[in-house]
1. Taking the stretch 268-301 on its own, how many of its residues are at pLDDT 70 or above and at positive phi?
2. Could you grab me the full set of residues in the stretch 127-163 that are over 25 Å from Met106 (Cβ atoms) and not in a helix (DSSP H, G or I)?
3. Scan the stretch 123-144 for residues that are in contact (Cβ under 8 Å) with a residue 60 or more places away in the chain and either touching a Leu at 6+ places or on another chain (Cβ under 6 Å) or open to solvent by 70 Å² or more (accessible area, probe 1.4 Å) (or both) and report the count.
4. Is there a residue being away from the ligand (no atom under 16 Å from the Cβ), over 18 Å from Val208 (Cα atoms) and not in a helix (DSSP H, G or I) anywhere in the stretch 105-114?
5. Give the residue, chosen from Thr88, Thr99, that is modelled with pLDDT under 95, open to solvent by 60 Å² or more (accessible area, probe 1.4 Å), under 17 Å from the mean Cα position of the chain (by Cα) and hydroxyl-bearing (Ser, Thr, Tyr).
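The values are calculated or read from the model by the stated rules, or taken from the named source; none is laboratory data. Since the model is a prediction, treat every value here as computed from it, not as a measurement. Here the Cβ is made from the backbone with ideal geometry for all residues, glycine too, and neighbour counts use every protein chain on show. In case anyone asks, the SASA skips ligands and DNA or RNA and just uses the protein heavy atoms, side chains included. Shrake-Rupley method; radii C 1.70, N 1.55, O 1.52, S 1.80 Å.
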Amino acid sequence: MHSESSTDSVTGLYESVPCNLCGGTNLRTVRPGRERSEAELEVRFKSSSDEALHDPLVECLTCGLQFVNPRLRAEVILSGYRDGTDETFVSQAPARERTFDKALNMIEQFAPQRGHLFDVGTAAGSFLHVAKARGWTVSGCEPNTWLGEWGKRTYGLDIKPGTLADGRYADAAFDVVTVWDVLEHTHDPQGFLRECQRVLKPGGFLIVNVPDIGSWIARLMGRHWLMLLSTHLYYFTRQTLAQLLQRVGFDVVRVKPHVQWLELGYVIKRGEPVAGPLARVSGKVVSGLGLGNLHVPYWIGQTLVIARKQA
Ligand SMILES: [Zn+2]
């Protein structure tokens, strides 16, 4: 058990925020939070953190956006992303490349001329690596120093440290901006999407995926939904994401489920916090059969949106 003093200093790390979509402060608690220690906080913000959500989840009664509130202060979250290493994430690079090849098939239906593609929060750069091989001019940014360096070293990519805003890119610099597994982590999605809009050329495309709390699987699994993670601050539905995109100057042109390819052994390991003994037994069977590296499609309620910057 932890002392009262550590609980007090933890409380000082938190902030309450209004709705990021409509500014509303009339909020309903969807799931209450629980007390946590400073030691627990330190391990939270990694790119593939599997820790379940502990902080309160609320819903804006005006527009329906769901988000964590109160939550850790933005500067605490950002410093958590900057540091640390993530071998588990990098080990999935080949399977992620398969996911991204399929995504590019779709993106190129909209932007067949290719051009300059910028990937925000590119992690180890798997997506940029695949896009470059298909003829795109590519660059990206990544707040985690270790992941960004890994991508620069392994793939020879132009990856800037830090956030998109840190890069101070020119207006209309890019033809396509991709935002994979990032938006739900940001502390100001509206400000972030405005910045994406600013750096895109008029008519350029934004590709963004989110864990969709309105998806049938999220509703079916309820509090056991695997996407309810401590690092996810915002929980969009197709409706709330579309509203936010329209508000910052985008037209939504395509909405579809986002299927990811992962190694079977990794999928089972990720299921452990929820499935427990079943996942551990399955893991042993799968590795015993030598199937741990098999690429399998994985969908637990991710939605992908393609939006076009209004001219
Ligand atoms: Zn709202």
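1. Counting residues in the stretch 268-301 that are at pLDDT 70 or above and at positive phi gives 2.
2. Pro143, Asn144, Gly156, Lys160, Pro161, Gly162, Thr163
3. Within the stretch 123-144, residues that are in contact (Cβ under 8 Å) with a residue 60 or more places away in the chain and either touching a Leu at 6+ places or on another chain (Cβ under 6 Å) or open to solvent by 70 Å² or more (accessible area, probe 1.4 Å) (or both) number 1.
4. Looking only at the stretch 105-114, we keep the residues that are away from the ligand (no atom under 16 Å from the Cβ), and these are 105-114.
The next check asks that each one be over 18 Å from Val208 (Cα atoms); those that pass are 112-113.
Now drop any that are not not in a helix (DSSP H, G or I), which leaves 112-113.
Yes: the stretch 105-114 contains one or more residues that are away from the ligand (no atom under 16 Å from the Cβ), over 18 Å from Val208 (Cα atoms) and not in a helix (DSSP H, G or I).
5. On the way: Thr99 fails: open to solvent by 60 Å² or more (accessible area, probe 1.4 Å).
Thr88 is the lone residue from the list that is modelled with pLDDT under 95, open to solvent by 60 Å² or more (accessible area, probe 1.4 Å), under 17 Å from the mean Cα position of the chain (by Cα) and hydroxyl-bearing (Ser, Thr, Tyr).
To keep it simple, each residue is scored yes or no on (1) surrounded by 19 or more Cβ atoms within 10 Å (Cβ to Cβ); (2) under 15 Å from the mean Cα position of the chain (by Cα); (3) assigned by TED's automatic domain parsing to the domain that holds Asp101.
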site	(1), (2), (3)
Leu157	yes, no, yes
Ala165	no, no, yes
Ala172	no, no, yes
Leu200	yes, no, yes
Tyr234	yes, yes, yes
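Yes or no, residue by residue, for (1) open to solvent by 30 Å² or more (accessible area, probe 1.4 Å); (2) part of a strand (DSSP E or B); (3) under 27 Å from Arg114 (Cβ atoms):
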| residue | (1), (2), (3) |
| --- | --- |
| Glu184 | no, no, no |
| Glu195 | yes, no, yes |
| Asn209 | no, yes, yes |
| Met227 | no, no, no |
| Leu244 | no, no, no |
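To keep it simple, each residue is scored yes or no on (1) assigned to a strand (DSSP E or B); (2) at pLDDT 95 or above; (3) open to solvent by less than 10 Å² (accessible area, probe 1.4 Å).
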site: Asp175; (1), (2), (3): yes, yes, no
site: Thr178; (1), (2), (3): yes, yes, yes
site: Phe192; (1), (2), (3): no, yes, no
site: Gly204; (1), (2), (3): yes, yes, yes
site: Arg223; (1), (2), (3): no, no, no
site: Thr231; (1), (2), (3): no, no, yes
